[in-house]
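Readers should treat all values here as calculations from the given coordinates under stated rules, not as data from a laboratory. Just so we're clear, the structure is a prediction, and the values are computed from it rather than from any experiment. Methodologically, a virtual Cβ is constructed for each residue, glycine included, from the backbone with ideal geometry; neighbour enumeration extends over all protein chains shown.
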Amino acid sequence: MKRILVIAIPALAIMLSMIPLHGKPQEQTGKASRSQLDSFMEMKLEHSKAILEGLATEDFEQIAKASQALTALSLESSWNAHTTEEYLDHSADFRRALNLVTRAAREENLDRAALGYVNMTVQCIECHRYLRVKHSGDTKP
């Protein structure tokens, strides 16, 4: 029962945080999707900041919780906005880095958690660069 609550409560929190707080109807699909994407990106950034804060304060529980929440987000359908092989590879690399952070936090190994965080950040940057290039039509990565 406790295990179910540990999984269900964060999942519910993530789902609730994705509900728009304003009562205005969504007029244009493009704007609504952009707003949802912005909200999703903000959640990703907040979890990343929480990992960094946990690293700075050596709060291993915070590191583990934030990295697990970010992993859960990376499995959401909103994450997989693209289906190219390269995008899926970037996502897999990102999750591997997060798994390292989570394992290191559980083992209370600050150095490994910090290295995992750096790797996770590099994966973010590489994927966002890939997406910018993909959308711009440029061929340079």
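Worth pointing out:
- In segment 95-140, the residues that are among the basic types (Lys, Arg) and more than 13 Å from the chain's Cα centre (by Cα): Arg103, Arg106, Arg112, Arg129, Arg132, Lys134, Lys140
- All positions within segment 66-95 that are in contact (Cβ under 8 Å) with a residue 24 or more places away in the chain, in a helix (DSSP H, G or I) and not polar (S, T, N, Q): Ala69, Leu70, Ala72, Leu73, Glu86, Tyr87, His90, Asp93, Phe94, Arg95
- When the residues of segment 85-136 are filtered to those that are touching a helix residue (DSSP H, G or I) at 6+ places or on another chain (Cβ under 8 Å) and of a type in the set (S, T, N, Q), the one that is nearest to Lys65 (Cα to Cα) is Thr102.
- Residue check for Tyr117: closer than 19 Å to Gly54 by Cβ and in contact (Cβ under 8 Å) with a residue 12 or more places away in the chain: yes
- Residue identified as farther than 21 Å from Ala50 by Cα and out of contact with any strand residue (DSSP E or B) (no Cβ under 6 Å at 6 or more places or on another chain) among Val133, Val122: Val133
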